[in-house]
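The values are calculated or read from the model by the stated rules, or taken from the named source; none is laboratory data. Since the model is a prediction, treat every value here as computed from it, not as a measurement. Glycine also receives a Cβ, built like all others from the backbone with ideal geometry; neighbour counts cover every protein chain displayed. Protein only, heavy atoms only, side chains kept; ligands, DNA and RNA dropped before computing areas. Shrake-Rupley method; radii C 1.70, N 1.55, O 1.52, S 1.80 Å.
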Amino acid sequence: MLPEGAERLLLDWFREHRRALPWREDRSFYTVLVSELMLQQTRVEAVKERYTLFLQKFPTPEALAAAEEDEVLKEWEGLGYYSRARNLHAAAKVIAEEGLPTTFEGVRALPGVGDYTAGAICSIALGLREPAVDGNVLRILTRLTGDHRCVDGNGAREYFKEALRADYPPETGEFTEALMELGAIVCLPNGAPLCEICPWNTLCRAHSEGRELEFPVRAPKRERKVVEAAVYVYRRENRYGIVRRGEGLLAGLYGFPMKEGGTMPASGVLEIKRAKHIFTHVEWHMTGYLIETEEEDAGGLKLIWATAEEIKEQYAIPSAFKAFLGWLRP
Ligand code: ADE
């Protein structure tokens, strides 16, 4: 997939221009694991401050495994997303017990390690041809090759991972980091790629056509419409009134009668719960009302009267209405 000579150009550029980052000094498995988990969703600048201190405190997987969780969380302070610290702690325990993994599957199975992080660790610490493809890498590759496939969803990621694997040079770790580095300091998102200093500027399809900003192609973000709705939970003795939904969202499924835009006038009516449900293009902001009634056709609606148990067991009630099921009594 890469144009002829692209790997060499990138590696040569990286060797000359890479930023001096503390985790680039020591490429052992444990230090790579620590740095990659810290770098998930976190700025390089923030990680720089914590990485060295963390390793001073926990220099080996055994030292980390033996620590109390509170100590680990303390050393993670300021980095946020604390589940990563718990995952790292758990991963250190796995390693202390079972030894270091040596395959992609073994690395991927460690707590907190997804496809991207597994690719980074395998290529950087183990010398395996396992690309790490994230949004930055997708941006530089779609620009380089002028590829218009949409990068949202897993399809493009899988495609580029496989295509890149075939082109990986023996310097797997440097190449992974070089791709990251190009995305981080040259091939910038949001209208600001620094093509004049890019090692790929003679190869780049998007650049040669002056169309850098058309890539990566993303699915249009549609605003979700917010719909306020009243949800009526009618009760008649021990039965509740449900309706089979007609056209529109959740058609053919059962639910409580609902009125878009509606709120309920007060008397005899109990507001029971507010709930939100998010569809792809619409958000329902619902207010549920419990209404005691003696009429079979309450509210002029064609209601199916069913007990709480029947409703839960026999009708397909979509999760949008599940919030109200807790209010049904046997
Ligand atoms: N982001 C994720 N992993 C990284 C790494 N190894 N170097 C720089 N930025 C990164």
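Observations on the structure shown:
Conditions (1) more than 36 Å from the chain's Cα centre (by Cα); (2) in a strand (DSSP E or B), marked per residue:
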{"position": "Ala251", "(1), (2)": "no, no"}
{"position": "Lys259", "(1), (2)": "no, yes"}
{"position": "Arg274", "(1), (2)": "no, yes"}
{"position": "Tyr289", "(1), (2)": "no, yes"}
{"position": "Glu296", "(1), (2)": "yes, no"}
{"position": "Ala306", "(1), (2)": "yes, yes"}
{"position": "Glu309", "(1), (2)": "yes, no"}
{"position": "Ile317", "(1), (2)": "no, no"}
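- Filtered by the rule that a residue be assigned to a helix (DSSP H, G or I) and more than 20 Å from Cys204 (Cβ to Cβ), region 139-165 gives Asn154, Gly155, Arg157, Glu158, Lys161, Glu162, Arg165.
- Pair list, Cβ < 7 Å and 6+ apart or interchain, from region 39-51 residues that are over 17 Å from Glu25 (Cβ atoms) to residues that are more than 9 Å from the ligand (Cβ to nearest atom) and not basic (Lys, Arg): Gln41/Tyr81; Thr42/Leu79; Thr42/Gly80; Ala46/Gly78; Ala46/Leu79
- Only residues that are without any contact (Cβ under 8 Å) to a residue 60 or more places away in the chain and either in a helix (DSSP H, G or I) or in contact with a Leu (Cβ under 8 Å, 6 or more places away or on another chain) (or both) were counted in region 114-131, giving 7.
- Across region 18-28, the qualifying residues are those that are away from the ligand (no atom under 11 Å from the Cβ) and not small (Gly, Ala, Ser), and the one among them that is most open to solvent (accessible area, probe 1.4 Å) is Glu25.
- Residue within region 220-240 that is open to solvent by less than 60 Å² (accessible area, probe 1.4 Å), aliphatic (A, V, I, L, M) and in a loop (DSSP other than H, G, I, E, B) present: no
- Qualifying residue in region 29-42 (condition: part of a loop (DSSP other than H, G, I, E, B), polar (S, T, N, Q) and either away from the ligand (no atom under 16 Å from the Cβ) or crowded, with 17+ Cβ neighbours inside 10 Å (or both)): yes
- Test for Thr202: is it of a type in the set (Ser, Thr, Tyr), surrounded by fewer than 21 Cβ atoms within 10 Å (Cβ to Cβ) and either within 13 Å of the ligand (Cβ to nearest atom) or farther than 18 Å from Pro216 by Cβ (or both): yes
- Of residues in region 43-70 being open to solvent by 60 Å² or more (accessible area, probe 1.4 Å) and within 16 Å of the ligand (Cβ to nearest atom), the one farthest from Val94 (Cα to Cα): Glu45
- Answer from Glu177, Glu162, Glu158 - the residue that is under 23 Å from the mean Cα position of the chain (by Cα), of a type in the set (Asp, Glu) and buried (at least 21 other Cβ atoms within 10 Å of the Cβ): Glu177
- Residue in region 10-17 that is buried (at least 17 other Cβ atoms within 10 Å of the Cβ), more than 18 Å from Gly173 (Cα to Cα) and in contact (Cβ under 8 Å) with a residue 24 or more places away in the chain present: no
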